[in-house]
1. Among Glu160, Glu190, which is farther than 30 Å from Thr273 by Cα, surrounded by fewer than 23 Cβ atoms within 10 Å (Cβ to Cβ) and modelled with pLDDT under 95?
2. Would you point out which residue out of Thr333, Thr305 is closer than 30 Å to Ile201 by Cα, among the β-branched types (Val, Ile, Thr), modelled with pLDDT of 95 or more and buried (at least 24 other Cβ atoms within 10 Å of the Cβ)?
3. Restricting attention to the stretch 241-263, does a residue exist that is surrounded by fewer than 16 Cβ atoms within 10 Å (Cβ to Cβ), over 19 Å from the mean Cα position of the chain (by Cα) and of a type in the set (A, V, I, L, M)?
4. If I go through the stretch 247-302 residue by residue, how many of them are of a type in the set (Val, Ile, Thr), under 30 Å from Phe346 (Cβ atoms) and free of Cβ contacts under 8 Å to residues at least 60 places away in the same chain?
5. May I ask you to list the residues in the stretch 418-452 that are of a type in the set (A, V, I, L, M) and under 24 Å from Asp376 (Cα atoms)?
6. Could you tell me whether Leu367 is assigned to a loop (DSSP other than H, G, I, E, B) and either among the β-branched types (Val, Ile, Thr) or modelled with pLDDT of 95 or more (or both)?
7. Out of Leu418, Leu412, Leu386, I need the residue that is in contact with a Phe, Trp or Tyr (Cβ under 7 Å, 6 or more places away or on another chain) and among the hydrophobic types (A, V, I, L, M, F, W, C). Which one?
8. State whether the residues of the stretch 405-426 include one that is touching a residue at least 12 places away in the same chain (Cβ under 8 Å), acidic (Asp, Glu) and touching a Ser or Thr at 6+ places or on another chain (Cβ under 8 Å).
Amino acid sequence: MSKLRYERPVIMKLETGMPNKFGTRTEYQPMTHIDGVAVNSLIKEYGSPLFVISEQTIRNTIKKARRAFENRYPKVQFAWSYKTNYLNAVCSIFHQEGSWAEVVSGFEYDKAISLGVDGRKIIFNGPDKSEEDLTKAINNDSLIHIDHLDELYSITELTEKLNKRPRVAIRVNMDTGVYPMWDRFGFNYENGQAWDALNKIMQSGKMELVGLHSHIGTFMLSPFAYGIAAAKLAELALAVEAKFNHEIKYIDMGGGFASKNTLKGAFLPGSDTNPSFDDFAEAISSALINSNFKKDKLPLLILETGRALVDEAGYLLGSVISNKRSSTGRRNTILDIGVNILFTAFWYDHKITPAQSFTQYTEDTCLYGPLCMNIDVVRESTNLPLLNKGEHVVIHNVGAYNMTQWMQFITLRPNVVLIDPDEKPHLIRSKESLENMNGMEKVPSHLAKFNK
């Protein structure tokens, strides 16, 4: 009979049903499968670490979001936010589900075109649109959301050069009661910048003003703020109609809806406290319907939701490298997952689940990544069962931003796998190699040789 492993005794005062000093009670259930596919088999075939995306979760989530808004407002259109996750397979799922494309760079614009998105169904946002980018967007009849006056003047010049009348909107920033206020992008509502830009567009006669756009923040926890923004955009649209006898075709409320992740510093889990699609839909649709639009002239409502639609569909699988004690005796577990591929570890306390059975003994643990830098911390403090070298973990809700903001730093970026609704895994992005990295470099001839 083998000797049982020693487990250090710990006394910890708990009150049933109440949070303790480590937060709320951890769910001690192993996650051995994702959409019917074994975690161990995925790691064995595709390596560790490994991103896994659930196609069925994406499709279920976008259907839930559409239902929330379409039950409350008669004209709704979603546009997929490419910056949130621009892997081709992910974008294609959203386009199959009826979403347009929302892009914020020439690179993202070209990506949408290469996927076959109709140019008329591409919304071009962002402060950096080159003359080349604007020319492509105008020729493809895309929706251009103007961010500043210099961009407005550039478009005015291009209309004469191209002899075309582009479809444009302006981005509006405003006070919605949430601080700090996002006023870096677009034209301000309160100080008259937005109205000045609208007057310039209408007076020029060289552009077709079709919409108004706002994006009031990120990971927003206040649906009420969206109601304020929608009401102010409605007021602007009605003012344009009154002054110029011109109808605004759509109001774009941008994105920023919170996912179910838990922000650092939050006392309760985001899955229990963060607003739902129904909450955001109620605030926005009520503000538009209660405005003075005539019944047959309600504008199209466009939503550029990103994070809330894809976060829950993403998982990051990893393995334990080692365990050690800090100088204070605290348990530290080192994973092969670093902040270079889990950028959102700086924002969220991600839920982390063992991928195999485990002892019921738990301990406050700090989870580190493999990088040689002190800030490589996946979780500063979490109450976990003991994890041994070579065992696996699943990090939840990582579908948003991690596959666009990841870095090649110290380690190479891993494979990404999509599991389809028939429980079949597909490799949708191959892991990097030394050949990938060296292929983009050039060494001057005088540096090509050295003493070996």
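1. Numbers: Glu190 fails: modelled with pLDDT under 95.
None of the others qualify; the one that does is Glu160.
2. Numbers: Thr333 fails: closer than 30 Å to Ile201 by Cα.
Of Thr333, Thr305, the one residue that is closer than 30 Å to Ile201 by Cα, among the β-branched types (Val, Ile, Thr), modelled with pLDDT of 95 or more and buried (at least 24 other Cβ atoms within 10 Å of the Cβ) is Thr305.
3. Looking through the stretch 241-263, at least one residue is surrounded by fewer than 16 Cβ atoms within 10 Å (Cβ to Cβ), over 19 Å from the mean Cα position of the chain (by Cα) and of a type in the set (A, V, I, L, M).
4. Residues in the stretch 247-302 being of a type in the set (Val, Ile, Thr), under 30 Å from Phe346 (Cβ atoms) and free of Cβ contacts under 8 Å to residues at least 60 places away in the same chain: 1 in total.
5. To start, the set of residues in the stretch 418-452 that are of a type in the set (A, V, I, L, M) comprises 418-419, 427-428, 434, 437, 440, 443, 447-448.
Across the stretch 418-452, the qualifying residues are Leu434, Met437.
6. Numbers: assigned to a loop (DSSP other than H, G, I, E, B): no; either among the β-branched types (Val, Ile, Thr) or modelled with pLDDT of 95 or more (or both): yes.
Judged against the criteria, Leu367 is not a match.
7. Details: Leu418 fails: in contact with a Phe, Trp or Tyr (Cβ under 7 Å, 6 or more places away or on another chain); Leu412 fails: in contact with a Phe, Trp or Tyr (Cβ under 7 Å, 6 or more places away or on another chain).
Answer to the selection: Leu386.
8. no
The values are calculated or read from the model by the stated rules, or taken from the named source; none is laboratory data. Predicted model only: the values in this text are computed from it and were never measured. FYI the Cβ positions are ideal-geometry reconstructions off the backbone, even for glycines, and counts take in every protein chain you see.
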